[in-house]
Amino acid sequence: MRAVWFEGREAMMIDQRELPHRIAVVGFRGHEEVAEAIRNMTTRGAPSIGAAAAYGMCLAALNKKDLDDAARTIKAARPTANDLFYAVDRMLADLRNGIDPIKAADGYAQEIVDKCTRIGEYGNALIKDGDIIMTHCNAGALATVDVGTALAPIRKAWGDGKRIFVYASETRPRLQGMQLTAWELSQEGIPHSIIADGASGHFMRKGVNMIITGADRIVANGDFANKIGTYEKAVIAKELKIPFYVAAPVSTFDLSTKNGDDIEIEERSENEVTMIGNVRIAPAGSKALNPSFDVTPAKYVTGFITENGILKPNEIHRMRTK
């Protein structure tokens, strides 16, 4: 089962809000519904958001809606992940070139899977037998249609018989590391432990061989946005001389943005911090700030693992000529 797919006349998604307790599948018949599913995090993870956006544009075309209006609606769902904008623009071009809507969207989703498979192969070459790896947020199959970005090398290494161990930080405020990454690792029997976000430095000092995260937007100078808490890990990793890798397809790179200061950081509801479910855990009257992402400067990145190989931050410009 993929995280996002098309069936009949519906865009289908695993409802990630229900995991890890149950697998629920939801379907949507209109692009407005798909935009809301992206907004409310029914589906999450930059590549899966991109695939959902592609299917949203597919539905707009099938329902004979104005494509420019549909594109604006879908792009407005979330502001940070570059794959969302990349997918909508790609679908607009394909649809205007007369490509069948379902064929175009299915092709986009399959490309993501193929790219993630290659990311796994390149990243696996970095992992040694016995390595202890730390990751943050969820960059597995749920976040990327299938296979994963940060989890792709881990899956490949485990499948090749390498004895590895993974620290999965809980990832505040939505607990995507605990609820999604740990669930995916459990499904494949990969040894792991969930750790509190604030315990990352402690465990890095005890011994971590590498850190691999995903990304939501990587800009021209190598700065990148990822789930809040990534920046702290990168700084500590630099201090402790632990390699820090970012796994992402080329669709996550935004070469039109010069540096991380220009990345729009999504601010979400304070209820995601002050409440668990319908239960308030914060004192009445206390406010909360809830940025979804932070920006990690390029100087903390050892390399970007892409479907085209591993790039150092100062090599990103090579993609301009491809």
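Read the figures in this text as sums done on the coordinates, not as results from a lab. These numbers come from a predicted model, not from an experiment. When we count neighbours, we look across all protein chains shown, and the Cβ atoms used for this are built from the backbone with ideal geometry, even at glycine.
Taking amide H positions as modeled 1.01 Å from N, with prolines and chain starts lacking one, the residues under 5 Å from ILE164 and 5 or more places away or on another chain are GLY130.
Note on LYS287 and LYS128: the model spin-label points, each 7 Å out from Cα along the C-beta direction, lie 5.0 nm apart. Look at THR213, THR144 and count the other Cβ atoms within 10 Å of each Cβ; fewest to most, that gives THR213, THR144.
The range 118-199 gives an Rg/Rh value of 0.94, both radii derived from C-alpha positions and Rh following Kirkwood. Decide, for the range 224-322, between rounded, prolate and oblate: order the square roots of the alpha carbon gyration tensor eigenvalues as a ≥ b ≥ c, take rounded if a/c falls under 1.5, and otherwise choose prolate if a/b is larger than b/c, else oblate. Taking the square roots of the gyration eigenvalues as a ≥ b ≥ c, the range 224-322 is prolate. Each Cα pair under 8 Å and six or more residues apart adds its sequence gap; the mean of these over the residue count of the range 126-321 is a relative contact order of 21 percent. Considered as an equivalent ellipsoid built on the Cα gyration tensor, the chain has semi-axes of 29, 23, 19 Å, the largest given first. ASP15: net charge of surrounding residues, Cβ under 11 Å, Lys/Arg +1, Asp/Glu -1, itself excluded? Cβ neighbours under 11 Å give a net charge of +2. Residues LEU84, LEU126, ranked from the fewest to the most other C-beta atoms within 10 Å, line up as LEU126, LEU84. For the range 49-178, just say rounded, prolate or oblate: build the C-alpha gyration tensor, square-root its eigenvalues into a ≥ b ≥ c, call rounded for a/c under 1.5, and beyond that prolate if a/b exceeds b/c, oblate if not. In terms of gyration-tensor shape, prolate.
Placing a label point 7 Å from the Cα of ARG96 along the Cα-to-Cβ direction, the residues of the range 55-84 with a backbone N closer than 20 Å are 55-76, 83-84. Extension gain, GLN187 to ASN209: 0.36 nm times the residue separation minus the Cα-Cα distance gives 5.6 nm. For the chain, the 222 nm mean residue ellipticity estimated from helices alone, with every DSSP H stretch of n ≥ 4 adding -39500 (n - 2.57) and the total spread over all residues, rounds to -10500 deg cm²/dmol. Projected label points at ILE23 and LYS258, each 7 Å from Cα along the beta carbon direction, are separated by 4.8 nanometres. By the count of neighbouring beta-carbon atoms within 10 Å, fewest first, TYR55, TYR231 end up ordered TYR231, TYR55. Ellipsoid semi-axes for the range 160-301, based on the Cα gyration tensor and the rule √(5λ), read 25, 23, 15 Å when sorted largest first. Counted by Cβ distance under 9 Å from PHE244, the other residues give a net charge of +2, where Lys and Arg count +1 and Asp and Glu count -1. Shape of the range 152-219 from its Cα gyration tensor (a ≥ b ≥ c, root eigenvalues): rounded if a/c is under 1.5, otherwise prolate when a/b > b/c, or oblate? Because its axes are fairly even, with a/c under 1.5, the range 152-219 counts as rounded.
Between the range 154-181 and the range 8-61, the C-alpha centres lie 23 angstrom from each other.
Extension gain, GLU232-GLU121: 0.36 nm per intervening residue step, less the Cα-Cα distance, totals 37.2 nm. Couplings 3J(HN,Hα) of the range 69-81, computed from phi: 5, 4, 4, 5, 4, 5, 5, 7, 5, 8, x, 9, 5 Hz, in residue order, whole Hz [Karplus 6.51 cos²θ - 1.76 cosθ + 1.60, θ = phi - 60°; x for Gly and Pro]. In straight-distance terms, cross-link reach from LYS64 covers every one of the aspartates and glutamates whose alpha-carbon lies under 16 Å from its own, apart from those fewer than eight places away in the same chain; here that gives GLU10, GLU32, GLU33, ASP94, ASP100.
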